[in-house]
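First up is the structure itself, then whatever we jot down about it.
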């Protein structure tokens, strides 16, 4: 695998991982007020766990992977306690009038989404830069 192909593969792996982070943040935001899921309990916030992913290209002189991408290792549920809000008129209120709400903080989800979006844009820019470098190299080869 050429060095430029490795670089594109690394950036592409990051695009996939960041897309997953955005999807999970959107899911968390969409369910921020979901008091009852299929199991009868409030929605649980989800987190994306990323891990490095050594690509097939190896640097023989250094004996290590020359291009290391990223992949989603898991999507886990946050174990933080559910929020409680006093609303005795809510159908899911307990005997004391409290409703258990998802452990989702909308501000935190927005920050995660903006961070993932910027990382996605940065990796897309890297791929476009590599494409431009290849195009310029081909132009030089024709001259």
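All alpha carbon pair distances within the chain were sorted into 5 Å bins beginning at 0; the resulting P(r) in whole percents reads 2, 9, 13, 14, 13, 11, 9, 8, 6, 5, 4, 3, 2, 1, 0, 0, 0.
The angle separating the long axis of helix 106-142 from the principal Cα axis of greatest extent in the chain is about 10 degrees.
To one decimal place, what orientation-averaged projected area in nm² is obtained for the convex hull of the Cα set of the stretch 1-48?
Its average projected convex-hull area is 4.1 nm².
Expected output is a single nm value to one decimal: the length gained when fully extending between residue 87 and residue 127, i.e. 0.36 nm times separation in residues minus the C-alpha distance. What is it?
Values: separation 40, 0.36 × 40 = 14.40 nm, distance 5.06 nm.
Taking 0.36 nm per residue and subtracting the Cα distance, the gain is 9.3 nm.
Rank these for me by crowding, 86, 43, going from fewest to most other beta carbons within 10 Å.
Values: 86 10, 43 22.
If I rank by nearby Cβ atoms, fewest first, I get 86, 43.
Take every pair of alpha-carbon atoms less than 8 Å apart whose residues are at least six positions apart; their mean separation over the length of the chain yields a relative contact order of 31 percent.
A helix-only calculation puts the chain at -16500 deg cm²/dmol for mean residue ellipticity at 222 nm, using -39500 (n - 2.57) for each DSSP H run of at least four residues, averaged over all residues. As a rough footprinting exposure proxy, the listed residues 34, 52 were ranked by other beta carbons within 10 Å of their own, and the order from fewest upward is 52, 34.
Please give the peptides 136-142, 109-115, 16-22, 74-80 ranked by average Cβ packing (other Cβ atoms within 10 Å per residue), highest first, as a rough proxy for protection. Spell out each step's value before the answer.
On the way: 136-142: 8.3, 109-115: 15.1, 16-22: 18.6, 74-80: 11.6.
Per-residue mean Cβ counts within 10 Å order the peptides as 16-22, 109-115, 74-80, 136-142.
Put in order of Cβ neighbour count within 10 Å, fewest first, the listed residues 29, 101 become 29, 101. Angle check, please: helix 3-30 long axis (alpha carbons) against the longest principal axis of the chain (alpha carbons), in degrees 0 to 90, nearest 10. Between helix and principal axis, roughly 10 degrees.
Bear in mind these aren't lab numbers, they're just calculated from the coordinates by the rules spelled out. Note that the structure is predicted; figures quoted are calculated from it, not measured. Positions of Cβ are backbone-derived with ideal geometry, glycine not excepted, and every protein chain shown enters the neighbour counts.
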